[in-house]
Structure formats: C-alpha cells, structure tokens
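J.: Pasting in a structure now, in structure tokens, and then I'll have a few things to ask.
Taken together, the values in this text are just the output of simple stated rules run on the coordinates, not laboratory data. Bear in mind that the values here come from a model prediction, so they are computed numbers and not experimental data. Neighbour counts run over all protein chains shown; Cβ positions are idealised from the backbone, glycine included.
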Amino acid sequence: MENCIQMAGIDFRTAPLATRSKFAFSDTQKIEFSSLLLELGCPESAVLSTCNRSEIYFVADDDRTGEVRAAMLKFFGAKGCDDTLYSLCGQAAIKHLFRVTSGLESAVVGEDQILGQVNNAIQFAEASGTAKKILNRVFRDAVTVAKQVKSELGISDIPLSVSYIGIKKLSLSLKGLAGKSFLVIGSGEMGRLAVKYLADERAARIYLCSRFCGEKESFQLEGHQLELVPFANRYNYISEVDGIVTATASPHTVLVGEKMPARAQPLCIVDLAVPPDVDDSVYDLPYTNVINVDELNTVSAENLVRRLELSSQAEALIDIKLDELENWLFQNKVDTAIESLNHRCREIADDTEQFLFNKLELSEREKKLVAKMIESSLRRLVREPILRLKKLDDEGKQEQYISVVKELFDIEETEVK
C-alpha cells in the first residue's frame, strides 16, 4: 500500500455546527497538524477547512487513518467526538475529494464555492511544503474534474434560492429588468437578497419599503439608485414601478386590493413571504400577475431534482478522471523505484571509482574510461529488474517486486518517496 492516499474528517452530515467548530483549522494550526502527521509517517498532507467540513488528506505507506483521527481529537481537545469523524483510504479517499470539489458532497448539491476552497487548500499546503508531487497531482485532478462538471453540466447554474427564482420569474414576466423600477417591501434577509438581485440585473431604480427607515447606510449599492420609503407610504409608489417584491415577516397581509391604485400597465408582484404578504383580493385585479412562494418552492424542488439527475452524469466524469489518476499513481510507483535504483547505482559507482582512484595511479583519460566501464556494468546489472518493473500491471506484484528490489540493492525508504 505504498504512497496510499488517505483522509480523515468531519462534515455537516456527521456533526452539528457546534461540534464542527471544534475542528476548524486556522492557518497556523494547519502547519502544526501537518508536522504531527510527519511524525506519524505521513510525508504529505493538505487540510481543507470550511464552515461545513474539516478534512485532512495525507499520504502514507500503511493505513494511518485511525491514528490521524485520534490525533485530531487530541489536537483539538474534542473528547467524546469519536463518532463524528470519518476516514477513507485509497481510491475511496480520492473519489471523495473529487466529489467534494465538484459540489456533490455539499449541503446544496452542485454549489461551486467549494471549488475555490479546495484550490486554496492545496495552494496553502504547497506553499507550506506539506504537499508534494502526489497530493499536488491528486488535488489538481480534483479541481480539473470539478471545472469540467461545472462547464459541461452547469449544475450550479440551476437556481435553488426561492428569492433568486422569484427575481427570474419577475424578469420573465417583464421581459427583462434592466432600466425598470421596482418596489421591494421588507428589509429582512429575503428583501435584501431581492435588492441585490435586482441591482445585479441593472434595475434603474429600487424603492425599499421598510418599517426601519433609519438603516439606509446598510443598503447602499454602488451604481444604483436606492430610495428608502416609509412603510405607511407603500401604496403611493405602486403607480411608479414595473414590479413589486414583497418579503416581510408580518402576520397580516401588507397589500390588499381595495388600497391598490388604478393603473393601465401590467404589474408583476412576487410574494416571498410566509404567511403571504399579498391578499387574495390583489389576485383579482385586472392588471396584476402575482407569483407566490408555493409556486417558487415548486420550481425550487424541480430544480433540485434536475441537479440530482445531473449529479449522476457528474459521477461518470469523475470516474474517468479517477481511472486516469489511478494509472498515474501506479506508474509513479514504478518511476520512483526506477529513479531510486538508478540513484543507488550512481552511489555504488562513485564509491567504487573513488576506491580505485585512491589505489591506482591513473591518467585522466584512464579514469574516464574506468568510470564509463563501471557505470555500464551497473546499468547492465539493473536493466532486467527495470524492464520487469515497467511491464508489471498488477499492483500487488508491483509492490512485492519493488520491495525485493529495495532490499537487494539496499535502497532506503526515503529514496523511493
């Protein structure tokens, strides 16, 4: 099991936020923990630490997952959290990293923020000297396949946010939002998101109707006109806008039909509130098109199904890249062993030459001739083992053969890393 990729960690599926927070790594702690892993016989490591997961990927010749889990518990003083940690070894660990990087293991399936976080993790490990040839290749392939999943399948482009879907529905109804005016009622999280999405779509003017008119500073949007209006005056602006987004926490409706002003132009209203902000009487007005949260939730659920369907296609892309990486890892063991064998031959040749040159009086020409003869003889000696190593396609036999070669030629463990 030489140079086996392994991992141990904790995520949102195995533990609540309070427990996960105990295992959050600072940059300093990443370096400190990697030093501990070196002592455990893990020459390479990289730490992925986000709000939803803390995972350590490492390389070792033997199964060190149990020791690494124990080290995590001790390092963070997290007694009683044994059952929240998980670990994987070999191909399973690599595939897990590929799935994580592609967003298939995220709380929101297909989100692509994790891609940047994985990329940052390996860059930090490389800069710290804890990730070398093997982990760099594994993480680079993980990022590559994640980008392929994103570009070819577009999973993250399928919206799940009810607020975002509502704005898209509004845009469809109005044939675009750019250059138009909108009234947003409610300044909570949903209202703020609506303001942001409208601004992103280049709305000309946004009126924000809030019971808290003293918070204008928190709603400044560069390049967009945002005007706070008193909640009591909300009906006064309906004639001036092309659409309304309402998202209050009011237990009662905030728009009723009898108070709505008459208008000739159609008015699209997106009601994101639960309970609803829009009274049934507004639906009956001849100029209104009301989109409520039930309709948006239906779209969100359908989109989630689409994301999950595309996830199965992502698995196929991951498996292809996984096979490519497995072949590289297999060949890397052979290349490293051959490199070490050649290095050992060079050492023997140097020692032999030095001994002979100290004992014999030779000219420079004679020394060069002797050196070439020694080197040629040693290369003939190791030629057959090298050829057999290159032909091996069975991992078990490969490891046995490498072990025999190392023992016969007195190759130290550090030489084959």
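J.: Note down the magnitude of the dipole of the range 4-158 about its Cα centre, charges +1 on Lys and Arg C-beta and -1 on Asp and Glu C-beta and zero elsewhere, to the nearest 20 debye. Before the final figure, lay out the partial values.
T.: On the way: 17 positive and 19 negative charges, 19 e Å.
Computed charge dipole of the range 4-158: roughly 100 debye.
J.: On a 24 Å Cα-Cα criterion, which of the cross-link pairs LYS30/LYS79; LYS150/LYS321; LYS22/LYS321; LYS95/LYS150; LYS147/LYS175; LYS133/LYS321 come out too long? Numbers along the way, then the final one.
T.: Details: LYS30/LYS79 20 Å; LYS150/LYS321 15 Å; LYS22/LYS321 34 Å; LYS95/LYS150 17 Å; LYS147/LYS175 31 Å; LYS133/LYS321 18 Å.
Distance filter (> 24 Å) returns LYS22/LYS321; LYS147/LYS175.
J.: With +1 on the Cβ of every Lys and Arg and -1 on the Cβ of every Asp and Glu, and nothing else charged, how large is the dipole of the range 162-297 about its Cα centre, in debye rounded to the nearest 20? Each step should come with its number before you reach the end.
T.: Working: 13 positive and 17 negative charges, 73 e Å.
Taking the Cα centre of the range 162-297 as origin, the dipole is about 340 debye.
J.: Another question, then. Report the calculated FRET efficiency for LYS175 and LEU17 (r = Cβ-Cβ distance, R0 = 51 Å), to the nearest 0.05.
T.: Working: r = 42 Å, r/R0 = 0.83.
According to the calculation, E is roughly 0.75.
J.: With 10 angstrom as the radius, rank HIS343, HIS252, HIS96 by how many other C-beta atoms surround their C-beta, starting from the fewest.
T.: HIS252, HIS343, HIS96
J.: Same structure, new question: By how many nm would the segment from GLU324 to ARG263 grow when fully extended, if each residue of separation counts as 0.36 nm and the alpha-carbon distance is taken off? Don't skip to the answer; put the middle values down first.
T.: On the way: separation 61, 0.36 × 61 = 21.96 nm, distance 6.36 nm.
Between GLU324 and ARG263, full extension yields an extra 15.6 nm.
J.: In nanometres, what is the gap between the two model label sites at GLU353 and ASN297, each 7 Å from Cα along Cα-to-Cβ?
T.: Each label point is offset 7 Å from its Cα along the Cβ direction, giving 8.0 nm.
J.: Please compute P(r) over all alpha-carbon pairs of the range 4-158, binned at 5 Å starting from zero, and give each bin as a whole-number percent.
T.: Cα pair-distance distribution for the range 4-158, in percent: 2, 10, 21, 23, 22, 14, 6, 2, 1, 0.
J.: Arrange the following residues from fewest to most other Cβ atoms within 10 Å of their Cβ: ASP323, ASP242.
T.: Values: ASP323 11, ASP242 20.
In order of increasing Cβ crowding within 10 Å: ASP323, ASP242.
J.: Follow-up question, since we're still on this one. Starting from 0.36 nm per residue, how many nanometres of slack lie between ARG137 and ARG365 once their C-alpha separation is accounted for?
T.: Details: separation 228, 0.36 × 228 = 82.08 nm, distance 4.50 nm.
Length gained, ARG137 through ARG365: 77.6 nm.
J.: Right, next: Can you sort GLU39, GLU44 so the residue with the fewest Cβ neighbours within 10 Å comes first? All intermediate terms of the calculation are to be shown ahead of the outcome.
T.: On the way: GLU39 8, GLU44 24.
Fewest to most other Cβ atoms nearby, the residues stand as GLU39, GLU44.
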